[in-house]
1. Quick one: count up the residues across segment 85-96 that are in contact with a strand residue (DSSP E or B) (Cβ under 6 Å, 6 or more places away or on another chain) and assigned to a loop (DSSP other than H, G, I, E, B).
2. What is the one condition in (1) touching a residue at least 24 places away in the same chain (Cβ under 8 Å); (2) in contact with a Pro (Cβ under 9 Å, 6 or more places away or on another chain); (3) closer than 23 Å to residue 131 by Cβ; (4) not acidic (Asp, Glu) that residue 72 does not satisfy?
3. Give 44, 97 a once-over and let me know the one that is closer than 30 Å to residue 120 by Cα and not assigned by TED's automatic domain parsing to the domain that holds residue 171.
4. Out of segment 116-142, which residues are surrounded by 19 or more Cβ atoms within 10 Å (Cβ to Cβ), over 30 Å from residue 12 (Cβ atoms) and touching a residue at least 40 places away in the same chain (Cβ under 8 Å)?
5. Enumerate the pairs (first residue in segment 11-22 and within 10 Å of residue 130 (Cβ to Cβ) and modelled with pLDDT of 85 or more; second residue anywhere and of a type in the set (Ser, Thr, Tyr) and surrounded by 12 or more Cβ atoms within 10 Å (Cβ to Cβ)) with beta-carbon separation below 8 Å, excluding pairs fewer than 6 apart on the same chain, so at least 6 apart or on different chains.
6. Is it the case, given these coordinates, that residue 152 is modelled with pLDDT of 90 or more and either among the small types (Gly, Ala, Ser) or under 17 Å from the mean Cα position of the chain (by Cα) (or both)?
Amino acid sequence: MLPEPIRRLFAQTGTLRSRELEAYGIRRIQLSRWAAAGELNRLGRGLYALPDYAPNEHASLVEVARRAPHVVFCLLTALRFHELTTQAPYEVWIAIGNKEHPPRLLYPKLRVLRFSPESLHYGVEEHSVDGAMLKVTSMAKTVADCFKFRNKIGLDVAIEARREAVKRRRVSADEIWRAAKVCRVAAVMRPYLDSIE
């Protein structure tokens, strides 16, 4: 039987990793027993939730953040997080440092991009979702990244992201311009920023 303190802990965070539960004296064999008895659901390797857990739209991001807390969600994933696109990427787009090893996950499928240290750390916001801390590029940085990686995602996506961010007044042209300088795409973006209504 799942102890009430552990049940309350799951109710607060939604999901927990096995190593987080070890801090409460719960051994991995006990987690396996609870999962076999139907008192816990095993969502992924070392990731558990209560049976009535209803994942939100960011469940795959939560799983990645719990298993690889150093990654930064970027490009199409960040656009979706900020609601700047109607596209639903089938991969989770993450940024890591130039010399870092990418996380090895079977699920969800990752699209890994390498960033310079300055570009990786500029414009990163932290959002708490289901007890996990998601590092997501800001809107301005996401728009600049879209222009930087326009050959991977398409120039039309980058232009749409710029248009939506400014139209909804969620980011200013100055913020986008500062991010463009950090990402070294100011020259590429200048015509599109000059045309902002």
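1. Going through segment 85-96 one residue at a time, the tally reaches 1.
2. Among (1) touching a residue at least 24 places away in the same chain (Cβ under 8 Å); (2) in contact with a Pro (Cβ under 9 Å, 6 or more places away or on another chain); (3) closer than 23 Å to residue 131 by Cβ; (4) not acidic (Asp, Glu), residue 72 violates only (2).
3. Going through 44, 97 in turn, the sole match is 44.
4. 119, 120, 122, 141
5. none
6. The answer is no for residue 152.
Rundown of residues vs (1) among the basic types (Lys, Arg); (2) surrounded by fewer than 19 Cβ atoms within 10 Å (Cβ to Cβ); (3) farther than 30 Å from residue 117 by Cβ, yes/no style:
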{"residue": "3", "(1), (2), (3)": "no, yes, yes"}
{"residue": "6", "(1), (2), (3)": "no, no, yes"}
{"residue": "12", "(1), (2), (3)": "no, yes, yes"}
{"residue": "30", "(1), (2), (3)": "no, yes, yes"}
{"residue": "52", "(1), (2), (3)": "no, yes, yes"}
{"residue": "71", "(1), (2), (3)": "no, no, no"}
{"residue": "84", "(1), (2), (3)": "no, no, no"}
{"residue": "87", "(1), (2), (3)": "no, yes, no"}
{"residue": "94", "(1), (2), (3)": "no, no, no"}
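The values are calculated or read from the model by the stated rules, or taken from the named source; none is laboratory data. Predicted, not measured: the structure shown is a model, and the values here were computed from it. Quick reminder, even Gly has a Cβ in these numbers, built from the backbone with ideal geometry, and neighbours come from all protein chains shown.
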